[in-house]
Amino acid sequence: MNHLRRFGTLFRKEERDRQLSDELAFHLEKQVEQNLAAGMSAEEARRAALRAFGGVEQIKEECRDTWGARFIDALLQDVRFGLRMLAKNPGFTAVAVITLALGIGANTAIFSVVNAVLLKPLPYAEPDRLMAVGSMRFRGVPSPDTLSYPDFFDYRARNHVFEHLVTGRGTSLTLTGYGPPRQLHGNMTTWDLFPALGIAPVLGRGFLPSEEAAGARVAVLSHALWQSQFGGDPGIVGRTITLDRRAYTVVGVAPPGFAFPVNEPCQLWTTIAPDHEAVPGDRPVAEERGAHMLTALGRLKPGVSIEQARADLNVIAAALARQYPDTNTNTPQAWVRPELATLVGDSRTPLLILLGAVGLVLLIACANIANLLLARAAKREQEMAVRSALGAKRGRVVRQLLTESLLLALMGGAAGTVLAKYALGVVLPLGGDSIPRLAQASLDGRVLGFSLLLAVLTSLVFGLTPALHASKADLLSCLRDRSRSGAFLNNPVRGGLVILQVTVGLVLVSAAGLLMASLIRLERSELGFKPDHLLTFSFSLPDTHYSTAQQVAFYDQMLQRMGALPGVQSVGGVWPLPLGDDNAVITFDIEERPAGPSNRPSARMAFATPDYFRTAGIPLLRGRYFTERDDPKSPRVLIVNQAFADQFFPGEDVIGKRITPGATAAAEKETLHEIVGVVGSAKLFALDPEPKPIYYFPYKQLPWQPPQVMLRTTVPPHTLEASARKRMAELDPLVPVFDVRTMEDLLSVQVAAPRFLTLLLACFAGFALLLAMVGLYGVMAYSVAGRTSEIGVRMALGAGRTAVLAMILKQALALLAVGLGLGLALSVLAGNLLQSVLFGGSALDPAVMGLSVLLVALTGLLAAYLPARRAAAMDPMVALRHE
């Protein structure tokens, strides 16, 4: 009750003050009456009563202190006074708030991205217990590798550390019977995916262990697909739908927002049953121990650490290496790491770089505001002196000034949060799909809390030094000399803040320069083919209705029809598509060069049609292209790229050499394939520093994977999409066309991540340079104002304008030189940190460093020159009368 009563005094302050005054007046009058009764005159009686009573105002303060809530009352006074002071200086307030809004807004926007990608827990039950699992390949440099199905089954059966261990792979399924055919992105998974993630379907159930077996056809729909395609029908569970012209039973519907994998659009889930089914002429992929294509997801048992899990799986991996030396010799260990870290992958480093960069921008903003407040404090020294002379303690003065700083920071934080909201709308499209979970970035509670904390911390960073400086002013000097201003730049704190801004500005400018040079190298790097005027698309033929021979015949007809389209110059097909998402690295044996299981050579493999190379613009260097005669009845042939020839046959004529591929149909595994051509080295991924070795199979001889279609056009590529879909529908109306993209679109997607990092860091470097130069300009302008009389005297004694200009610039040059020296040293360190995200080139690029120093130096000189020129143009008489 006492606390409530004390808090209530805040809302009845005037009433309590009036009651206190009345009570004190009553006691004073009583004392006067006693003095009058003692024979004093009226004047003597009042004077004696006041003397005995003591200071009335002091008594009032003591009484107020006993009421409690005194601190809150004083704080409210400080806030009201601070708001009045900020309102009296609208120019200063606007500059400070805008500066802080830029710094806090940029930090809030980038933190929201970092929060969504790196910090936000995975949307599953107890996500800290979810681990990604794979094998470690020890061949050359040890590196993480994938698992085969048999290895996964052994890991699942023998481990003692996981409650659940699941795996799966992406798939595409064609839904028919509900309007036009629709290609769905799905995921084939082991039975316990939903229990492992701690997720329960909103309708129906998950999968059963028996539904992993060959012949099972069951599906769980995503909530979005259930709503859009089936109208949210609650009777969907138990119904049969047609996928790839096979009947699947819907057994459940996932909850809203559920996604797995997190960074891939998935519309339904099925089991791995199809991978247990035999392919004509070969064994099921689920029985191929050498077919490494999977990663696993495990949920740790309670109390089990990552180290324990890794040790347990290493025992299993070592046993498999001994048991299956032909396939597992190179993978005698396992890797285990948190699923979130695996999902984030290479995105962590660029995001942490951006977070560090915006932190430096905020540091410059704080230094800028601190210098503004120091200048303002110098003008308020007399005010602070009067306060101290009237009895204000140093802590009281500091608190008042810090309150003003906090008000500025809160206003800047509020403006920055609004700015961040709009900045996210610009930032997120820049990253596209190149950064996982980027699209989920938003201003949630954690981000808003970060912004508030940032505002409080910045108020302390830029407000504490000016407050302490103002609170210890020389009272006698301030009261005696109203015009006291001092030499602003001679103060080491103020000069140090300018040096800090120049140093940090140079670090960010040089870092942005390195990334811009890297991006230019990336965009100008040779791809090995011509990406302009290329349209690509995919389609899917169900195995149930098309045998291998029928698929090849369909493909031939499709290529002929596409080639006849007006505006099509040539047409070809390839898998994997350059700049696409697929990749296949397969071992092989070279004729008469025996190699053990641990040192077999490997390279990327691809399947191509005869006209693919001409369509893509990949030149023939030696030998020949594929022809229509390279079919199953003819001798097996290959085409390799120059990188393949250089790595595996250096200094030799590769034409006529023969190799045995390691992952083909069973009947082909011992078949030698002759190299009949060498083509230019085309990159499969734009970020590869150099093209990798690739060997190409003619599609007809090894129809292992249907190639994606590529059209070279004489018209804008996208204008042919409708015609291509029409031609496909004429062949089979139930075959969908999907992933229709130009090659330039694919290139843009692959360079999105480095472009995202470069553009944002360049923006932050621009902000930093602008803020640093504004800070230097403000410092120089204040210094000139403080030395107006001195300048007048010098000019009156004969100093020329050039001498005055040189005198002012000399001070600025000293600060610039120190800042540039420190910035150059730190830029070298920053460059080393950036090395992992640079495309080619060196982190110690002399040209970039030199241009960065020149840019910061010239900008700094311009910022210093403007006030110096004003000083040199002063009228000496006006300057002498300034004081």
Karplus-derived HN-Hα couplings along segment 447-460 (A = 6.51, B = -1.76, C = 1.60, θ = phi - 60°), whole Hz, x at Gly and Pro: 5, 5, x, 4, 4, 5, 4, 4, 4, 5, 5, 5, 4, 6
Cut-off 11 Å between beta-carbons: net charge of the residues surrounding Val161, Lys and Arg +1, Asp and Glu -1: +2
What are the equivalent ellipsoid semi-axes of segment 127-344, built from the alpha-carbon gyration tensor (square roots of five times its eigenvalues), in whole angstrom, biggest first? 32, 20, 14
What distance in nm separates the simple spin-label points at Ser172 and Met516, each placed 7 Å from Cα in the Cβ direction? 4.0 nm
Taking the Cα atoms of segment 70-229, report the difference between the largest and smallest coordinate on each principal axis, in whole Å and largest first. 80, 52, 39
5 angstrom amide H check on Phe607, placed H, neighbours 5+ away: Trp575, Phe697
Just order 229-242, 94-107, 513-526 by mean Cβ neighbour count inside 10 Å, highest at the front, would you? 94-107, 513-526, 229-242
Please list, in chain and number order, the residues 5+ apart from Thr271 or on another chain whose amide H is under 5 Å from its amide H, with Hs placed from the backbone. Thr189, Val218
Rounded FRET efficiency, nearest 0.05, which uses the C-beta distance separating Val418 from Thr548 and R0 of 56 Å: 0.40
Which value, in Å² rounded to 10, gives the accessible area of Tyr155 with a 1.4 Å probe and all protein chains present? 10 Å²
How would you rank 197-203, 300-306, 713-719, highest first, on the average number of other Cβ atoms within 10 Å across their residues? 197-203, 713-719, 300-306
Sticking with the crude label model, points 7 Å out along Cα→Cβ, report the distance from Glu264 to Glu277 in nm, one decimal please. 2.0 nm
Segment 253-322 - Kirkwood radius from inverse mean 1/r over Cα pairs (Å): 15.9 Å
Step through the residues of segment 525-533 one at a time and calculate ³J(HN,Hα) from phi using the Karplus curve (6.51 cos²θ - 1.76 cosθ + 1.60, θ = phi - 60°), rounding each to whole Hz and writing x for Gly and Pro. 5, 6, 7, x, 8, 9, x, 6, 6
Projected label distance in nm at Leu460 and Leu24, using a 7 Å step from Cα toward the beta-carbon: 3.7 nm
Amide N of segment 808-834 lying under 14 Å from the label point, which is placed 7 angstrom from the Cα of Arg524 along Cα→Cβ: none
Arg446 to Ala806: extension gain in nm, 0.36 nm per residue of separation minus the Cα-Cα distance? 124.4 nm
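The values are calculated or read from the model by the stated rules, or taken from the named source; none is laboratory data. Here the structure is a predicted model, which means the values were calculated and not measured. Every residue, glycine as well, gets a Cβ built from its backbone with ideal geometry; the counts of neighbours run over all protein chains shown. Protein only, heavy atoms only, side chains kept; ligands, DNA and RNA dropped before computing areas. Shrake-Rupley method; radii C 1.70, N 1.55, O 1.52, S 1.80 Å.
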